[in-house]
2 protein chains.
Amino acid sequence: MANEAVEYTVDFQPLGRRARVPAGTTLLEAARQAGAGLNAVCGGGGTCRTCRVRIIEGSVSEPVEVEARVVTQGLRLACQTRVLGPVRVDVPHSSMTAPQRAQVEGMERPIEFAPSVHVYDVKMDPAHLHDLRADSLRLRDALREQYQVEVDSIDITVARELPIVARRDGWRSQVVTHDGDVIALLRSDVRPLGLAVDIGTTKVAAYLVDLISGDTLGATGTMNPQIAYGEDVMARISYAMQDAANGRKLQEVIVAGLDEMVSTLCQKTDRSPADIVEAVLVGNTCMHHMVVGLPVSQLGMAPYLAAVGEAIDIKARDLGLHLAPGANVHLLPNIAGFVGADHISMIIGAGLFDTQEVTVGLDIGTNTEICLIANGRLLSCSCASGPAFEGAHIHDGMRAAPGAIEWIRLSDGKVEYQTIDNAPPVGICGSGILDGVAELRRIGVIRPNGSMDVKSHERIRLTDEGPQFVLVPAGEREAPGDVVITRKDVNEIQLAKAAIRAGVEVLLAEAGLEDQQIERIVVAGAFGTYLDIDSAVSVGMFPDLPRERFSQVGNAAGIGAKNVLLSRRCRQRAAEIAQRMEYIELTTHPDFVSLYSDALILP
Amino acid sequence: MANEAVEYTVDFQPLGRRARVPAGTTLLEAARQAGAGLNAVCGGGGTCRTCRVRIIEGSVSEPVEVEARVVTQGLRLACQTRVLGPVRVDVPHSSMTAPQRAQVEGMERPIEFAPSVHVYDVKMDPAHLHDLRADSLRLRDALREQYQVEVDSIDITVARELPIVARRDGWRSQVVTHDGDVIALLRSDVRPLGLAVDIGTTKVAAYLVDLISGDTLGATGTMNPQIAYGEDVMARISYAMQDAANGRKLQEVIVAGLDEMVSTLCQKTDRSPADIVEAVLVGNTCMHHMVVGLPVSQLGMAPYLAAVGEAIDIKARDLGLHLAPGANVHLLPNIAGFVGADHISMIIGAGLFDTQEVTVGLDIGTNTEICLIANGRLLSCSCASGPAFEGAHIHDGMRAAPGAIEWIRLSDGKVEYQTIDNAPPVGICGSGILDGVAELRRIGVIRPNGSMDVKSHERIRLTDEGPQFVLVPAGEREAPGDVVITRKDVNEIQLAKAAIRAGVEVLLAEAGLEDQQIERIVVAGAFGTYLDIDSAVSVGMFPDLPRERFSQVGNAAGIGAKNVLLSRRCRQRAAEIAQRMEYIELTTHPDFVSLYSDALILP
């Protein structure tokens, strides 16, 4: 009795939420009290296994029978685990509710805070009949006398406003420099801001950062407006190649999109775009080229070359971007035509640069970039995994949006699924179709070669297009028709996962390593964060390693962009990564085809 | 007899024209044969003294009586001087015919040829399935391997065209760099060009230069299109201050004017503006600020400060100028609000930088900039000489255009004059009004205080506005009315010349020197080149020094701009001049007012 009155603190990471709960409370209940939204499809009955968590430290109850399968993965079910002392809990992205996920887009790691821009609060000598120095020299002299700083140049847009601003503000100003160039003058009561953007082919994520404190003031996401001109990279390259005006159009719409995001972020935080003095943009090589206005035709045909490999510093005005008029825009280096600045940013953001472990990093999309860090070497490749994981080319596929089936479990003839935002089922997104294929294979509906055993399940029906598994019968939802998984869908997933697995295997072979020597697999990006590692392993996309070797790190490319905005050290690292990276071209690699055919099998 | 058959070469400088003529031929006749157009108003009778030349070396006839006055100035009359052996003759600007003058706008001096831009003929490794470097890295590697050159950056406009140009031109290109930045790619059969421009308040002069040979390919001049918004600097500053849009308008029209000159020059020489990889612009501080788009309001009120003092390097695109997209535009430093980049350029162009002589340099205009170089010091000032020398505020004043009376001599009741292009007289330009005042004073019509003795000459008449001297009676010309010189005109010239003289005297006093210690007076600019030194001395504008100490150097500011385009050494010198120059503000100088009143007297 006395024992039950004792309370303990439960700390949920990486959400940073805590609750004090009586001993014996389940972690699921504790999470509710802490405001750390955990999935719990079955309502806490131990059957759906969506509330999986990892105990970092502390005392909890012994595993019960329904947890057997998750325990082998180093996990526990929050609904079955009771607090027996202070506990620290790690909540995987896949266990978070959708609103929670949106909050935690990526795991931030400590970096050395030292932005590339410097800010000096400067008092200039006022103009006077006996002091006839030009305004520009007055500014240079003040910087020299007050900060021992000698600048090389004053951006023309700054020179244009200096006489007006200096007289308006009583000859006092925050002087912002970048690489010896005075790029902005800000009133002394204004905080200089930075912008970090991850331009994905589908989605764009932007962060507004305080460059003095390093705090993230706001984040926003939107669809890439270029989608109107082509779903994927290749469609957009073809569009750009049709006419030079098309290429300019693609640049205009993405820049206008960025301007709009800046405006949204500034409105939310009551700031002005004119206070943004530096931006860091990352994206795949094609997105990178398109936002900068570089040609992409050479990206569209063999040997698929980037126009620019090294990092770029460009004035915001040269992009048509409306920040401080002299603001610098930094773009990280590209490694190859299909391994771009966003992959380097992912390596930075996930902290893989100086890891001593044999590490594989993946950013899964239509194009999947993979790197292997091992024994001082950095290897990378790119594989055409196709759009299946984004829901394209799948019979009832859709993007990860409300109503998308994102989780599927099949057992005892029962079909369980979960949709995003618990909305009525509309279709299946990437993590859903991966689960579906894994589960159908596990219960024997699908054979290792991907064909369906039409007699193995009552939900299978034969159509003109081949066999289909009915996931949601028409009667169970509002929209017309069934939601199905087809033989062709299975094939799409086979092709996609085989490409990824073959890529990993080629890199391992190049480094002379075996699967089991991988000490860490870091999976980044939206799909990579929400996919079920068990399902991915069971279809053979990833090698079957102890589950604690996997991390799903969210939008590491976006985090990397923020890191590069805030830390010169990270910017240097990016350059070093680009220089050291050995790029392996899969299409001409002698072992690729055989590794690829082996990987098509569903184990 | 035999002697007359002997022929000698006569060499006219700085025109560079030669003729072989029989011994005994006059220099005037020799000049005609050589195509070196000399003025000869009286037709070779020895009375007009317009054909004055300086014998550099060689054997000529003894001076005759009518030459007495010019001989004291170290000169001869070409119509009276006969060839007795090979002769080298220097033709002052004031003795050249107008078309000839246009050809020789300034005297060029040898400079160390080493442009700021570097040009490398580069062969890049072609794209290949087994060489997947980005195009930009291919370019950097080729520069490193073939020229041991490491560039810092590739201009974004170059990066944008590199993939297309490299593939089109078989991976060979002329790579143009400026200060570590790749600013242009040119086809290997194209000559990289430079542009030098002197932006005067009234006139703009532009030169197209081959940056490999250093040759001037073409020159062109035009009126400053900003004239539509104000005749002089102050009027334009007021216009700009009325509205921010006005300032932009002034920038737009001058940039459009420059674009037009570029287009004219390129058409004449069959070149492309896209081959111009660097431009050097000089102008007074106001013209400098207006072309760059810097604010001018602080130039329009005390203490009249420049926005930017140091040299500026700016991308042509940031000015809206249509050259090679990445071309650099260099602007020399400004010394003060009214001593601008054009004065530094004049010092460079006239070769005054490292002179060991006590030298005064003047650039006469509405605003006259004066420098004194003496004992290792560089002093400068600016005086408000007003627009009289440009024909403004003068009763029948006009700009130096066809029909302007540019030369006047009065003797024995006779009135002789010469107009530009020998056109019928329209009005009087600066050098004409200066001559007129000097001659009227010499023959006693004008008293030392500037008043007119109404009984001293039959051509004087009294009007409601005071006495006038009728230079051209209405009957002698096509246009209606007389061309007159009024009492007020004399006053305008007094004010103008007094300001200039007082400026010279203040600088001499600052350096502890006397008039007679000046070893050289260099007079630059259009009016300065065409004025009659005798007249200028006789009205007291210049000290009365031996005439060989004077040089009239034409558009030295334009030449200086060309020098800076072609020679890094000259660019450095400009920076050194700006740094060393001691600017003396006349309006607050204790001695200025008394020196100015003294200088109002006509000696």
query = For B:Asp412 and B:Val6, what is the calculated FRET efficiency with R₀ set at 30 Å and r taken between the beta-carbons, to the nearest 0.05?
reply = 0.15
message = Once R0 is set to 45 Å, what does the formula 1/(1 + (r/R0)^6) return for the Cβ-Cβ distance between B:Tyr147 and B:Arg248, expressed as a FRET efficiency to the nearest 0.05?
response = 0.60
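Averaged across A:301-312, how many Cβ atoms of other chains sit within 10 Å of each residue's Cβ atom?
On the way: counts 1, 3, 6, 3, 11, 7, 11, 11, 8, 7, 1, 5.
Per-residue shielding by partner chains comes out at 6.
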inquiry  = Going by Cα centres, the range A:312-328 and the range A:110-146 are how many Å apart?
reply    = 22 Å
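With r as the distance between the Cβ atoms of B:Gln517 and B:Arg20 and R0 = 60 Å, compute the FRET efficiency 1/(1 + (r/R0)^6) and round to 0.05. Mind dumping the intermediate values first?
Details: r = 44 Å, r/R0 = 0.73.
So the FRET efficiency works out to roughly 0.85.
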query = In the range B:115-135, which residues have a backbone nitrogen under 12 Å from the label point lying 7 Å from B:Arg172's Cα in the Cα-to-Cβ direction?
reply = B:121-124
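Please compute the average number of Cβ atoms from other chains found within 10 Å of each residue's Cβ in peptide B:162-173.
2
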task = Name the shape class, rounded, prolate or oblate, that the alpha-carbon gyration tensor gives for the range B:193-249, where a ≥ b ≥ c are the square roots of its eigenvalues, rounded holds for a/c under 1.5, and otherwise prolate holds if a/b is larger than b/c and oblate otherwise.
result = prolate
task = Calculate the spin-label point distance for B:Ile212 paired with B:Glu57, positioning each point 7 Å from the Cα along the beta-carbon direction, and give it in nanometres.
result = 3.6 nm
remark   = Two pseudo-spin positions, 7 Å from Cα along C-beta at A:Ala68 and at B:Asp90, lie apart in nanometres by 11.2 nm
ask   = Measuring from label point to label point, each 7 Å out along Cα→Cβ, what is the A:Ser597 to B:Ser238 span in nm?
value = 8.9 nm
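Can you pull the mean other chain C-beta count within 10 Å for peptide B:135-144?
For peptide B:135-144, the averaged partner shielding equals 3.
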message = Nothing charged except the Cβ atoms of Lys and Arg (+1) and of Asp and Glu (-1): what's the magnitude of the dipole of chain B about its Cα centre? Round to the nearest 20 debye.
response = 700 debye
query = Add -39500 (n - 2.57) for each DSSP H run of 4 or more in chain B, then divide by its residues: what number comes out at 222 nm, to the nearest 500 deg cm²/dmol?
reply = -9000 deg cm²/dmol
request  = Give A:Lys203/A:Lys249; B:Lys249/B:Lys562; B:Lys123/B:Lys268; A:Lys249/A:Lys315 a once-over and call out the pairs whose C-alpha atoms are over 22 Å from each other.
outcome  = B:Lys249/B:Lys562; B:Lys123/B:Lys268
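Under 8 Å for C-alpha pairs, at least 6 residues apart: give me the relative contact order for chain B, rounded to a whole percent.
Numbers: 1331 pairs, mean separation 77.6, N = 603.
Reported as a whole number, the value is 13 percent.
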ask   = Which Cys residues of chain A have no other Cys beta carbon under 4.7 Å away?
value = A:Cys51, A:Cys79, A:Cys266, A:Cys286, A:Cys371, A:Cys381, A:Cys383, A:Cys429, A:Cys570
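Could you work out the relative contact order of the range B:193-331, using alpha carbon pairs under 8 angstrom and six or more residues apart, expressed as a whole percent? Write down the numbers at each step before the final one.
Working: 255 pairs, mean separation 35.2, N = 139.
So the answer I get is 25 percent.
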note = the range B:508-543 and the range B:260-284 have their Cα centres apart by a whole-number Å value of 35 Å
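Quick note: the coordinates plus some simple rules give every number you see, no bench work behind them. The shown structure was predicted, so the numbers you read here are calculated from the model rather than taken from an experiment. So basically every Cβ, Gly included, is an ideal-geometry build from the backbone, and we count neighbours across all protein chains shown.
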